[in-house]
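Written below as structure tokens is the structure these notes are about.
The values are calculated or read from the model by the stated rules, or taken from the named source; none is laboratory data. Source: prediction; values computed, not measured. With ideal geometry, Cβ positions are generated from the backbone for all residues, glycine too; neighbour counts draw on all protein chains shown. Accessible surface areas use protein heavy atoms only, side chains included; no ligands, DNA or RNA. Shrake-Rupley method; radii C 1.70, N 1.55, O 1.52, S 1.80 Å.
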Amino acid sequence: MVDRAQGQAEIAELVGSRWGSLLDQVSDTVVERDETRCPPPAELMDALALAGLHRLSLPPAVGGDGVDVLTWGMVLEQIGYRCTDSALPMIINHTIDIARFIAESGRADLIEKYARPIGRGTIGAGIAYTEDADAWSFDTVLRRKGDDFVLTGHKTYVTAGVMSDVFLVYPLDETGDMVACLVERDDPGVTVTPATPLGMRTAGAASLTFEDVPLPAERILEPSDGLTHAQRFLSNQRLWITCAPLGRAQRILEDCATWLSGSIRYGEPVSGLKNVEATLGRMYVAIESARSMLYRALTHVGAGHAEPVFDPLLSAAKCFAADQIGFVLESAFRVMGGQGFYGSPHLGRYLRDFTGLPVVAGTNDILEVNLGAGVVARSPRHGTKGQRA
């Protein structure tokens with residue numbers, strides 16, 4: 001059995017030695033960039049890619065290093081621990097997951113044009129799925145025009161949209177079936193508008209408008225059942241989006257304990273008060289239990305056991321980790337008192353940034369409904385009538 005503590009230490013050393021100084025530089029400007037809604041500087045994103053971060057988890061067939069799923073999740077966790085810009089790991093992971101999906105298509109033309117450059121960091125990519133409507137009510141439509149297509153519609157929220165050169169877009173076709181296609185930022189009729197979300201203000205989020213965008217047939221990535229394609233993407237993200245926030249929760253606990261140990265109340269360190277010790281203990285339990293469940297889910301995926309569209313273990317891990325991370329943030333805010341409210345430039349931002357965790361990649365409420373329905377379906381008494389207890 002792999003020693004988890006040793007694995008964490010090795011990953012921390014890897015992240016620190018290869019990308020630590022660059023992550024620190026991203027952190028240096030995050031407060032100002034959060035106020036002005038600016039993403040990480042392009043030169044630092046380029047430097048991170050040049051240092052191999054973007055290609056780390058991509059398959060070797062497209063120039064990647066092909067690290068396993070658990071290792072990549074732990075790398076994201078350590079980036080979250082080290083870097084105070086909550087959006088950075090999400091930007092990176094969204095981008096490379098698009099490259100991974102393009103690689104899975106086996107299309108040599110698309111791999112050479114998009115997947116490899118994404119891995120090198122020479123182009124950025126964003127997923128354009130959200131329309132503030134269910135998937136059967138999307139207004140974005142792809143219509144055939146001769147041998148090619150025309151795209152019309154609007155996507156309300158794209159992570160890293162202002163930084164992206166290509167978008168993985170999910171419209172409906174003329175029959176109402178969802179498809180997946182690749183749209184370039186410079187295509188005629190594409191308009192990118194910066195978004196103003198509550199949190200993750202440094203994620204470079206944007207909305208997209210498509211006005212009769214001409215789309216060559218070769219840019220259709222998935223010609224039918226794009227909903228399954230999109231759900232596979234979202235299923236992956238349910239894991240990735242919680243890894244870095246978990247690392248940040250760990251850092252918040254440590255920083256909280258350090259500050260409380262140096263703050264004196266009633267003649268003793270605040271950290272020595274029993275109610276404070278109990279709060280720190282509950283925060284520790286929340287982090288370790290979330291980590292255990294998340295690592296189990298990562299191992300589950302890495303072993304090839306996960307259901308591609310909706311996996312109960314992945315969804316449960318996302319729901320649980322999101323709740324526990326929220327608990328840690330709220331506990332830190334409460335136990336630090338005024339320091340949490342006005343003395344730290346970061347804690348309030350983390351509270352805003354991570355409010356989206358229970359919502360993104362399928363809301364916790366919807367996932368819990370699906371999980372409950374699965375429990376009923378798997379019950380040995382499912383479908384029986386009127387049995388006595």
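Structure notes:
- Which numbered condition R100 fails, given (1) closer than 21 Å to A361 by Cα; (2) open to solvent by 60 Å² or more (accessible area, probe 1.4 Å); (3) part of a helix (DSSP H, G or I); (4) not aromatic (F, W, Y): (2)
- Here the range 205-218 is the region considered, the condition is being of a type outside the set (S, T, Y), surrounded by fewer than 19 Cβ atoms within 10 Å (Cβ to Cβ) and more than 20 Å from S105 (Cβ to Cβ), and the residue that is nearest to the chain's Cα centre (by Cα) is E211.
- Look at (1) closer than 17 Å to C83 by Cα; (2) open to solvent by less than 80 Å² (accessible area, probe 1.4 Å) and you find that G64 fails only one, number (1).
- Test: residue in the range 17-32 that is of a type in the set (V, I, T), in a helix (DSSP H, G or I) and surrounded by 23 or more Cβ atoms within 10 Å (Cβ to Cβ): yes
- Residue satisfying condition, being at pLDDT 95 or above, open to solvent by 10 Å² or more (accessible area, probe 1.4 Å), closer than 26 Å to F333 by Cβ and among the aliphatic types (A, V, I, L, M), within set L253, L221: L253
- Test for L76: is it assigned to a loop (DSSP other than H, G, I, E, B) and closer than 29 Å to H300 by Cβ: no
- Selection count where residues are β-branched (V, I, T) and without any contact (Cβ under 8 Å) to a residue 60 or more places away in the chain, scope the range 148-165: 2
- Residues that are of a type in the set (D, E) and within 28 Å of the chain's Cα centre (by Cα), drawn from the range 253-270: E254, D255
Rundown of residues vs (1) part of a helix (DSSP H, G or I); (2) open to solvent by less than 60 Å² (accessible area, probe 1.4 Å); (3) hydroxyl-bearing (S, T, Y); (4) in contact with a Pro (Cβ under 8 Å, 6 or more places away or on another chain), yes/no style:
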position	(1), (2), (3), (4)
E112	yes, no, no, no
G126	no, yes, no, no
D132	no, no, no, no
R144	no, no, no, no
V150	no, yes, no, yes
G153	no, yes, no, yes
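- Residues that are under 16 Å from L70 (Cα atoms) and of a type in the set (A, V, I, L, M, F, W, C) were ranked within the range 256-293; the one that is surrounded by the most Cβ atoms within 10 Å (Cβ to Cβ) is A290.
- Residue within the range 114-121 that is at pLDDT below 95, part of a loop (DSSP other than H, G, I, E, B), over 17 Å from E222 (Cα atoms) and open to solvent by 10 Å² or more (accessible area, probe 1.4 Å) present: yes
- If only residues of the range 155-172 that are outside any loop (DSSP other than H, G, I, E, B) and aromatic (F, W, Y) are counted, the one that is least open to solvent (accessible area, probe 1.4 Å) is F167.
- Sole exception among (1) under 30 Å from V141 (Cα atoms); (2) under 23 Å from the mean Cα position of the chain (by Cα); (3) not small (G, A, S) for R291, by number: (1)
Yes/no per residue for (1) surrounded by 18 or more Cβ atoms within 10 Å (Cβ to Cβ); (2) farther than 16 Å from S235 by Cα; (3) free of Cβ contacts under 8 Å to residues at least 60 places away in the same chain:
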{"position": "Y295", "(1), (2), (3)": "yes, no, no"}
{"position": "A303", "(1), (2), (3)": "no, no, yes"}
{"position": "D311", "(1), (2), (3)": "yes, no, no"}
{"position": "A317", "(1), (2), (3)": "yes, no, no"}
{"position": "G326", "(1), (2), (3)": "yes, yes, yes"}
{"position": "S344", "(1), (2), (3)": "yes, yes, yes"}
{"position": "Y350", "(1), (2), (3)": "yes, yes, no"}
{"position": "A361", "(1), (2), (3)": "yes, no, no"}
{"position": "N370", "(1), (2), (3)": "no, no, no"}
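- Unique match (being in contact with a Ser or Thr (Cβ under 8 Å, 6 or more places away or on another chain), among the hydroxyl-bearing types (S, T, Y) and open to solvent by 30 Å² or more (accessible area, probe 1.4 Å)) among T202, T175, T228, T193: T193
- Hey, R334 in a helix (DSSP H, G or I), surrounded by fewer than 13 Cβ atoms within 10 Å (Cβ to Cβ) and either touching a helix residue (DSSP H, G or I) at 6+ places or on another chain (Cβ under 6 Å) or at pLDDT 90 or above (or both) or not: yes
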